[in-house]
Structure formats: C-alpha cells, structure tokens
Amino acid sequence: MKDGSAFLNENAARIAQSMVDDAERLRVAVSTGPLGERLIDAGAKTLGSIEAGLRMAEAAMGGLGTISLVMSATAERYPLNVEVRSSQPVIACLAAQYAGWNLSSGDYFAMGSGPVRALACVEPLFQTLAYREKADRTAVILETPKPPPQAVVQKVSKATGIAPESLTFIYAPTQSLAGAVQIVSRVLEVVLHKANDLKFPLDNIVDGAATAPVPAPHPDFLTAMGRTNDAIIYGGVAQLFVRGSAEDARELAEKIPSSTSRDHGRPFAEIFKHFKGDFYAIDPMLFSPAEILVTAIETGDTFRAGRRDLVMLERCLG
C-alpha cells in the first residue's frame with residue numbers, strides 16, 4: 001500500500017458516519033462540539049453496545065482489520081471472544097490502531113488512536129514507520145469518559161490541517177461495553193508493537209490474526225482496566241505470518257508471549273497498584289498475548305510459544 005493518500009482516514013470517517021447512521025441501534029449519542037467537531041459518545045453517558053465497540057476498533061484500524069465476535073464452545077467461563085485479522089497488520093495496527101498520541105490537556109487525559117496519527121506523525125514511532133497520509137476528514141478514537149475539550153480539538157486540527165468540523169471524536173470509557181470490546185480488539189496490535197520493540201523487521205510481517213476473551217465490564221476503572229489487559233495477557237492467542245528465515249521466526253515466537261515478562265503472573269490491577277499507578281514503570285514486555293504462533297511463509301515452518309492461563313483468567317476476569 002502506498003502512502004500519501006487518504007485511504008485509512010477516509011475509512012475511519014466512513015465507519016464513524018455508519019455509527020451516526022445507526023446511532024439508535026448502537027445506543028450511541030451524537031452531538032456537535034463548540035468548535036463544530038462531531039462527538040460520538042459510545043459508552044460514557046450512553047449505554048453503548050458491543051457492536052459500537054467493534055466499530056470503534058474498525059475505525060481505529062482504518063478499515064484494514066476484520067473484527068468479529070466468536071463463541072467458543074470449549075470455553076466454559078468466557079466463551080465470547082473477539083477475533084481480529086489483517087492482511088496489512090503493520091499499517092493497521094501501528095500506523096493507526098495503537099493508542100500512541102497523547103491528547104491530554106489540563107486534568108483531561110486521553111491517548112488518541114486511529115489513522116489520524118499518520119496525519120500528525122508527532123510520535124517517535126513514526127521515525128520507524130514510513131507510512132504517511134493526507135486527508136480532509138477523519139475520526140479520532142479516545143478511551144475516556146469525557147468528550148475532548150476545545151484545546152484538544154484545536155491540537156488535533158493544527159497537527160493534521162483538518163478543520164474541526166471535519167473531525168469526529170468517538171469516545172467510551174474502559175468501564176463500558178464498547179470500551180471493553182475496543183480495548184481487547186487490540187490483541188493483534190500489541191503483538192506488532194512488541195515485535196517492533198524487539199527490532200524484528202516490520203516489512204517482514206505480512207499477515208496476522210489474534211483472538212482474546214471479552215471480559216465483563218466493571219464500574220470501577222481499575223478493575224475494568226485490569227480485566228481488559230488480563231484478557232490479552234493471559235487469554236490472548238495470535239499468529240503472525242512472516243518472511244525471512246525459520247530461525248528468525250522461531251526467535252520472534254520465543255520472545256513474544258507475555259510470560260517472558262518479569263511482571264507476568266499477577267492480575268494487572270495488582271501490578272498497577274504495586275507500581276503506584278505508574279503505567280510506564282510496568283515491564284513493557286508484559287503487553288502481549290499469552291500464546292503466539294509465528295509462521296515462516298518461505299520455509300513452511302510454524303513455531304509456537306507460551307500458553308493461555310485459564311486459572312489466571314478465572315481469577316482475573318471474575
């Protein structure tokens with residue numbers, strides 16, 4: 001895929017429009033902000049829905065991900081799983097879905113997701129990623145219970161060159177149905193992010209799929225955040241298809257699982273409390289699925305590492 005177009009951002013804007021069109025069915029609320037920006041509340045003051053969370057995740061991936069729900073007949077306690085697939089996983093996950101843009105202002109805290117990030121390119125990650133876009137409209141996905149203040153809208157507008165009235169902000173807190181689903185839908189994204197941290201050549205990652213259980217939402221933020229992270233850390237399974245040698249594929253597989261982290265083995269909420277709420281003090285190697293398969297497409301070898309921890313899942317997900 002060539003950069004320079006508005007492909008991902010147009011997709012995000014189109015998906016946002018579908019949420020507006022289906023607002024009543026999705027149980028989302030649509031309004032206009034003070035600068036003309038469009039706001040979609042998918043779970044803050046509205047009930048929202050699982051489907052709203054799926055569409056948030058699709059918008060975050062710029063339409064380059066297929067995201068669906070599957071019921072696992074073999075899982076007694078947590079049969080509902082989200083499944084994510086992409087034939088452009090590097091662009092979909094790292095240039096778009098990753099929540100890497102700090103859009104905090106004053107006492108308002110939010111990290112921006114979506115292909116809008118490939119317009120602004122203000123994150124260090126874009127020193128590695130060559131992908132860029134230009135667009136006239138887009139959607140920004142926020143994991144927060146409040147709509148963005150004017151300062152944030154202005155920040156996004158200035159960084160992207162898009163007028164506020166052509167910006168859509170879709171937001172939902174972690175405690176909501178939509179929030180929980182869109183966060184767990186990052187199960188493939190965390191694999192790509194970890195592969196990048198491990199210095200694996202991103203151009204060699206050609207396809208990917210992943211799945212993780214959808215936890216029940218919880219009114220307490222820390223509990224809800226813990227559950228969404230634990231669903232991936234202890235229940236996520238992913239497969240990457242890569243170019244290169246079998247040895248490189250094997251080495252990547254061995255390093256990906258969350259069990260390689262020093263902080264593995266406790267509920268995420270407990271780990272978060274241990275580090276006194278300092279998210280960045282947690283070992284970044286923890287943020288990955290429990291189990292990984294890496295297939296070397298040029299040799300036909302598949303390497304497996306890690307495993308799902310069903311006992312820990314039961315402890316963490318309630």
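No value in this document is a laboratory result; all are computed from the given coordinates. This one's a predicted model, so the numbers in the text were calculated from it and none came from an experiment. Glycine also receives a Cβ, built like all others from the backbone with ideal geometry; neighbour counts cover every protein chain displayed.
The chymotrypsin sites (Phe, Trp or Tyr not before Pro) of region 107-191 meeting both criteria, a DSSP state outside H, G, I, E and B (loop) and at most 16 other C-beta atoms within 10 angstrom of the site's C-beta, are Phe109.
Exposed loop sites are taken as GluC sites (Glu not before Pro) in a DSSP loop (any state but H, G, I, E or B) with at most 15 other beta carbon atoms within 10 Å; the longest stretch of the chain without one runs 77-297.
Below 12 angstrom from the Cβ of Pro164, what's the summed charge of the other residues (Lys, Arg +1; Asp, Glu -1)?
Summing Lys and Arg as +1 and Asp and Glu as -1 gives +2.
Classify region 156-263: rounded, prolate or oblate, from the alpha-carbon gyration tensor (a ≥ b ≥ c, eigenvalue square roots; a/c under 1.5 rounded; otherwise prolate if a/b is larger than b/c)? In terms of gyration-tensor shape, oblate. Considering helices alone, the calculated mean residue ellipticity of the chain at 222 nm is -9500 deg cm²/dmol, with DSSP H runs of length four and up weighted by -39500 (n - 2.57) and normalised per residue. Annotation for region 273-317: trypsin sites (Lys or Arg not before Pro) lying in DSSP loop with at most 13 further Cβ atoms inside 10 Å of their Cβ are Lys276, Arg307. Local charge sum around Thr295 (other residues, Cβ-Cβ under 15 Å, Lys/Arg +1, Asp/Glu -1)? Cβ neighbours under 15 Å give a net charge of -4.
A crude spin-label estimate for the pair Asp21 and His274, with each label 7 Å from Cα along the Cβ direction, gives 4.8 nm. The loop-placed trypsin sites (Lys or Arg not before Pro) in region 1-104, going by DSSP, that have at most 16 neighbouring Cβ atoms within 10 Å of their Cβ come out as Lys2, Lys45, Arg77.
By DSSP, the beta bridges lying fully in the chain are antiparallel in about 65 percent of cases. When both region 137-186 and region 24-91 are represented by their alpha-carbon centers, they are found 13 Å apart.
Which part of region 245-272 falls in the paramagnetic zone of Phe109, meaning amide N under 13 Å from the point 7 Å along Cα-to-beta-carbon? Flagged as within label range: 272. If you take all other residues with their beta carbon under 12 Å from the beta carbon of Lys45, and give Lys and Arg +1 and Asp and Glu -1, the sum is +1. For the listed residue pairs Lys199/Lys273; Lys158/Lys194; Lys146/Lys273; Lys134/Lys255, the alpha carbons are over 27 angstrom apart in Lys199/Lys273; Lys158/Lys194; Lys134/Lys255.
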